[in-house]
Amino acid sequence: MRQRREHNERMALAWQIAFLPRQKRPNFKKLLARENQASRPRQTAEQQWAIFGAIAEAAKVMRKN
């Protein structure tokens with residue numbers, strides 16, 4: 001299970017990197033972790049997968065256009 005999770009994480013990262021050149025670049029400072037970030041509620045795995053699924057669906061729509 002650990003190997004499958006790590007593989008999926010690496011594949012998700014590779015997918016995101018492949019699409020980065022096509023995206024508007026965000027402010028770099030907004031991407032960095034802040035010290036007070038721990039006070040925010042953490043996302044559950046289900047929430048993270050839902051976000052990833054939405055991104056994947058948006059990529060499908062973009063490819064069709």
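The values are calculated or read from the model by the stated rules, or taken from the named source; none is laboratory data. In this text, all values refer to a predicted model and were calculated from it rather than measured experimentally. All Cβ positions, glycine included, derive from the backbone under ideal geometry; neighbour counts span all protein chains shown. Surface areas here come from the heavy atoms of the whole protein model, side chains and all, with no ligands, DNA or RNA. Shrake-Rupley method; radii C 1.70, N 1.55, O 1.52, S 1.80 Å.
Starting from the Cα of Phe19, step 7 Å along the direction of its Cβ; do the same at Ala54; then give the gap between the two resulting points in nm.
1.3
Using a 7 Å offset from the Cα along the Cα-to-Cβ direction at both Asn8 and Phe28, what is the distance between the two label points in nm, to one decimal?
3.3
Can you give the helix-only mean residue ellipticity at 222 nm for the chain, where every DSSP H stretch with n ≥ 4 adds -39500 (n - 2.57) and the sum goes over all residues, rounded to the nearest 500 deg cm²/dmol? Display every interim value, and only then the final one.
Details: 3 runs with 42 residues, N = 65.
Helix-only estimate at 222 nm: -21000 deg cm²/dmol.
Can you sort Lys60, Lys29, Lys24 by 1.4 Å-probe accessible area, starting with the largest? List each step's numbers first, then the result.
On the way: Lys60 100, Lys29 160, Lys24 185 Å².
My answer, sorted largest first, is Lys24, Lys29, Lys60.
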